[in-house]
């Protein structure tokens with residue numbers, strides 16, 4: 001069977017789909033993956049063919065703004081005009097992917113398209129071509145206008161009209177397709193659980209191969225992992241968090257990410273190690289606490305590893321993820337000006353010692369482990385073609 005995968009050109013939107021694409025390829029299906037050029041070398045070692053298409057997040061942000069030199073990495077979340085974000089996700093990227101995938105689908109003639117939930121352009125291209133499709137999630141479903149605004153949906157409908165497709169009223173981003181849900185049901189949005197055509201799929205962390213510091217696997221002190229992800233890094237937030245965590249007597253490993261220079265974090269105490277990047281999927285099983293931005297990849301990965309979380313949300317769906325972590329007793333959150341060295345130290349100290357939180361983290365890890373694996377779900381894909 002021929003399967004075409006497609007996701008927006010960012011780590012948080014692409015990495016969650018790669019385990020299923022690899023599993024499908026290993027089961028003998030012919031797999032092609034359409035996304036930005038950034039991920040060509042990521043897919044190649046897994047024998048998954050990459051085709052360049054659509055836009056990456058940075059290029060789409062620049063195209064959605066009035067400034068031709070605008071860069072998402074230079075913008076703080078609270079400084080970004082919501083209408084620009086709506087145009088970026090609702091029109092610019094859907095139009096680019098719908099346009100670029102149409103000839104690929106015509107040429108490759110896939111039996112099934114798997115489109116990432118935010119990539120409705122790929123879903124529309126499949127719809128217009130009459131190819132069956134599945135929608136693949138990357139975390140909790142977006143609800144309300146926190147991320148999926150009325151403006152964004154209106155723009156999606158405009159793209160659909162332009163290319164000859166249709167966006168339904170209920171769960172518009174799914175385009176009426178079955179939904180591969182990587183979010184454990186206990187923390188998924190209840191209304192979505194009750195109304196969507198869901199197919200459970202275990203969230204399997206994916207990372208490019210890399211070396212962990214040797215001490216990570218043999219540390220005696222508690223190990224705390226600090227990251228603000230790949231899109232909304234903030235040197236000031238990281239510095240405050242580092243100062244607070246350094247006072248705990250723990251080992252602290254910091255992933256600065258692509259939007260923050262390690263030099264911007266200055267001198268750090270001896271118990272803190274700052275790296276530009278770490279192989280997060282390999283690291284999570286070894287840590288005692290994750291202090292992070294609430295991105296879906298880190299949140300889902302922490303669920304699977306059974307690790308308590310202190311969430312410092314910066315933008316997009318991160319606030320919803322932080323609230324879900326807190327409500328489920330899996331950790332805590334600090335918002336905006338609450339993020340001080342003292343507050344981070346206090347929150348981290350409590351979470352490292354709280355057995356109830358650790359028990360809840362172990363319970364959700366067991367829930368994740370019980371979800372169908374990518375290989376199990378890949379074996380069912382022919383029934384959707």
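Throughout, read-outs are computed from the coordinates displayed, never taken from laboratory work. Quantities reported herein were computed from a predicted structural model and do not represent experimental measurements. No Cβ is skipped: glycine too gets one built from the backbone with ideal geometry, and neighbour counts run over all protein chains shown.
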Rounded tilt (10° steps) of 296-305 against the dominant C-alpha axis of the chain: 60 degrees
The stretch 242-256 and the stretch 179-214 have their Cα centres apart by a whole-number Å value of 28 Å
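Could you put 283, 381 in order, starting from the residue whose Cβ has the fewest other Cβ atoms within 10 Å?
Lowest to highest Cβ neighbour count: 381, 283.
For the stretch 214-369, what does the alpha-carbon gyration tensor say about shape, rounded, prolate or oblate, given a ≥ b ≥ c as the root eigenvalues, a/c under 1.5 as rounded, and a/b over b/c as prolate? Don't skip to the end; give the middle numbers.
Working: a/c = 1.38, a/b = 1.21, b/c = 1.15.
Rounded.
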Using only Cα atoms, find the angle between the long axis of helix 355-370 and the longest principal axis of the chain, and express it within 0 to 90 degrees, rounded to the nearest 10. 30 degrees
Label-point separation, residue 194 to residue 109 (7 Å along Cα→Cβ), nm: 4.6 nm
For the chain, alpha-carbon Rg and Dmax in angstrom: 20.3, 60
Cα-based helix-to-principal-axis angle, 93-108 vs the chain, degrees rounded to 10: 60 degrees
Please compute the length gained on full extension between residue 379 and residue 158, using 0.36 nm multiplied by the number of residues separating them and subtracting their Cα-Cα distance. 76.0 nm
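On alpha-carbon atoms, Rg over Rh for the stretch 193-237 using Kirkwood Rh?
1.13
Please find the FRET efficiency linking residue 30 to residue 370, where r is the Cβ-Cβ separation and R0 is fixed at 30 Å, and quote it to the nearest 0.05.
Values: r = 31 Å, r/R0 = 1.02.
So, using R0 = 30 Å, E works out to roughly 0.45.
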Let me know the shape class of the stretch 2-201, please: from the alpha-carbon gyration tensor, a ≥ b ≥ c as square roots of the eigenvalues, rounded when a/c is under 1.5, otherwise prolate if a/b is greater than b/c, or oblate. rounded
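Using only the Cα atoms, what convex hull volume per residue in Å³ does the stretch 113-260 have?
Values: hull volume 24.8 nm³, N = 148.
Dividing the Cα hull volume of the stretch 113-260 by its residues yields 168 Å³.
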Give me the percent relative contact order of the stretch 214-369, please, defined on Cα pairs under 8 angstrom at least 6 residues apart. 24 percent
Could you let me know the centre-to-centre spacing of the stretch 289-359 and the stretch 100-143, using Cα atoms, in angstrom? 33 Å
May I ask you to derive the FRET efficiency for residue 239 and residue 214 from their Cβ-Cβ distance with R0 = 22 Å, giving the value to the nearest 0.05? 0.25
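May I ask you to derive the relative contact order of the stretch 85-174, considering only C-alpha pairs under 8 Å and at least 6 residues apart, and to give it as an integer percent? Don't jump to the answer; show the numbers that get you there.
Values: 115 pairs, mean separation 32.2, N = 90.
So the answer I get is 36 percent.
Quote to one decimal, in nm, the extra length available between residue 268 and residue 41 on full extension: 0.36 nm per residue of separation minus the C-alpha distance between them.
Values: separation 227, 0.36 × 227 = 81.72 nm, distance 3.31 nm.
Additional length available on full extension: 78.4 nm.
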Label points 7 Å out from Cα along the Cβ direction at residue 186 and residue 355: separation in nm? 1.8 nm
Relative contact order for the chain using alpha-carbon pairs under 8 Å, separation at least 6, rounded to a whole percent? 16 percent
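Residue 363 to residue 286: extension gain in nm, 0.36 nm per residue of separation minus the Cα-Cα distance? Don't skip to the answer; put the middle values down first.
Values: separation 77, 0.36 × 77 = 27.72 nm, distance 1.73 nm.
Extra length from residue 363 to residue 286 when fully extended: 26.0 nm.
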Just 16, 190, 222 to compare: in a GNM of the chain, with alpha carbon springs under 10 Å, which one fluctuates most? 190
